[in-house]
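The values are calculated or read from the model by the stated rules, or taken from the named source; none is laboratory data. These figures come from a predicted structure and were not determined experimentally. Cβ placement follows ideal geometry from the backbone for every residue including glycine, while neighbour counts extend to all protein chains displayed.
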Amino acid sequence: MDASMSLASVPQVSVVGVGSYLPEHRVSNEEILEYLRPARPDGRLLEPEWVIRHLAIRERRLDYEFGGRRKRTRADGGIYDGDLALRAVASALDDAGVDATDVDLFVHVTSTPDTVTCQDHFRYLMNELGLRRDVDLVHHNLGCAGLAPGFRTAAASLVSAVPTTAVVVASNCPSGYFGPEVHDYYYQHPSGMGWLAPMMFADGAGAVVFRSIPREPDCAPKGLLSVRYETDPDVTLVTYPAGGCLNHTSEANLADNVFLMDGAKVAEVFVPLMMRNFEMLKEDWPTKVKPTTGTDFDIDSVSRWYLHQANGVVVRQAAEMLGLPPERVPIGVDRYGNTSASSTLILLDEDRRAGRVHEGDLIAFLWIGAGNGAMNGYSTMVL
């Protein structure tokens, strides 16, 4: 079977709404370095300029009080993964003019859900959004490239029934894992890199509303055109050792209840995997994109290139290697940190609301990230 999914056919999978949400609380490099106090081998502490030089991150959004080492409860106004997803979805539904009761499929991409068993976290989202009880619920417990299987899941349902409305939301809530009881494990982890995850990852969510409708021959072609991804089980980018049946959470394994990121491996594979995504896009273009756009592959035919926001340095390196025009590659990681799978949807929502993309524009997503080991993929759509 063809590993990619072609959607340039009847029915049309249209993008009818986009939304996002970021917590208001901004955390500077100075504040988080004071909390984590990472040091070089000679004992010198890292300075804010190091973060800017190596990660191109100036601040991030995190609902966490680092000075007091405190995460507020939801009852006290704390924001958790479900709240991030809820607000992004509400924004997207409002943008689409769609009521929550009209949603047939709800796909949630997150590796930081409120609860981890039996998709129990959906109860909060169903009640707060007012989703129907017969809505189809799918959770992809994946990292930064999780939108690829998220889009594919939605597309599979959308092309099988008309009309159908689907929501895909990606959220990331690392602030829920930075409690005082695990602070020392991030700081003192034997790998020496435990501090990197809370330095880079940040809270945020992005959502998109898709609707399948019959393709009208007299209307301009639009919608989700293609989505494709690959996995490499031999590459590990992010780990969270505790919580499964192999290593169930206990008092004895608190040190395993931390997200660990292999920053060196991310830097090593980011550009090559982005180039692989680019190759897949060019391979698929004649059969997946051209039938709708009528154009041969051309970098300039794509209005915006949304690359996963791992860090600003590798995003710029990848864009340069691919020959992408810098003005068409938005970057938000310098302001928001790495919000995992939600990063590109947050940028798309910003661009739409600022008038930088318009109806009829062709856009492309290129992703890499943790999931099944490591994942990489791409998607194209005409807004």
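Please determine, by comparing only the residues of region 255-292 that are out of contact with any Pro (no Cβ under 7 Å at 6 or more places or on another chain) and polar (S, T, N, Q), which one is farthest from LEU196 (Cα to Cα).
In the first step, residues of region 255-292 are kept if they are out of contact with any Pro (no Cβ under 7 Å at 6 or more places or on another chain); the result is 255, 257-258, 260-291.
Next, from what is left, pick out any that are polar (S, T, N, Q): 257, 277, 287.
Details: ASN257: 15, ASN277: 26, THR287: 41 Å.
The qualifying residue farthest from LEU196 (Cα to Cα) is THR287.
Going residue by residue through region 139-153, is there one that turns out to be under 26 Å from VAL238 (Cα atoms), of a type in the set (D, E, K, R) and touching a strand residue (DSSP E or B) at 6+ places or on another chain (Cβ under 8 Å)?
The initial filter retains those residues of region 139-153 that are under 26 Å from VAL238 (Cα atoms), namely 139-153.
With of a type in the set (D, E, K, R) added as a condition, the list becomes 152.
Going one step further and asking which of them are touching a strand residue (DSSP E or B) at 6+ places or on another chain (Cβ under 8 Å), we end up with 152.
Checking region 139-153: at least one residue is under 26 Å from VAL238 (Cα atoms), of a type in the set (D, E, K, R) and touching a strand residue (DSSP E or B) at 6+ places or on another chain (Cβ under 8 Å).
Every residue, every condition in (1) modelled with pLDDT of 95 or more; (2) acidic (Asp, Glu); (3) farther than 27 Å from SER212 by Cβ, yes or no:
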position	(1), (2), (3)
GLY77	no, no, yes
VAL89	yes, no, no
ASP94	yes, yes, no
VAL103	yes, no, no
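Name the residue, out of SER160, SER226, that is within 23 Å of the chain's Cα centre (by Cα) and either part of a helix (DSSP H, G or I) or within 30 Å of VAL13 (Cα to Cα) (or both).
Of the residues listed, the single one that is within 23 Å of the chain's Cα centre (by Cα) and either part of a helix (DSSP H, G or I) or within 30 Å of VAL13 (Cα to Cα) (or both) is SER226.
Does ALA90 qualify as being buried (at least 22 other Cβ atoms within 10 Å of the Cβ), in the same structural domain as GLY17 (by TED's automatic domain parsing) and not hydroxyl-bearing (Ser, Thr, Tyr)?
no
Of these, LEU129, LEU137, which one is touching a residue at least 40 places away in the same chain (Cβ under 8 Å) and of a type in the set (A, V, I, L, M)?
Details: LEU137 fails: touching a residue at least 40 places away in the same chain (Cβ under 8 Å).
Testing whether each residue is touching a residue at least 40 places away in the same chain (Cβ under 8 Å) and of a type in the set (A, V, I, L, M) leaves just LEU129.
Scanning for something at pLDDT 95 or above, out of contact with any Gly (no Cβ under 8 Å at 6 or more places or on another chain) and in a loop (DSSP other than H, G, I, E, B), does region 361-379 turn up at least one residue?
The answer is yes, given that some residue of region 361-379 is at pLDDT 95 or above, out of contact with any Gly (no Cβ under 8 Å at 6 or more places or on another chain) and in a loop (DSSP other than H, G, I, E, B).
Restricted to region 6-30, and to residues that are modelled with pLDDT under 90 and surrounded by fewer than 21 Cβ atoms within 10 Å (Cβ to Cβ), which residue is nearest to LEU158 (Cα to Cα)?
PRO11
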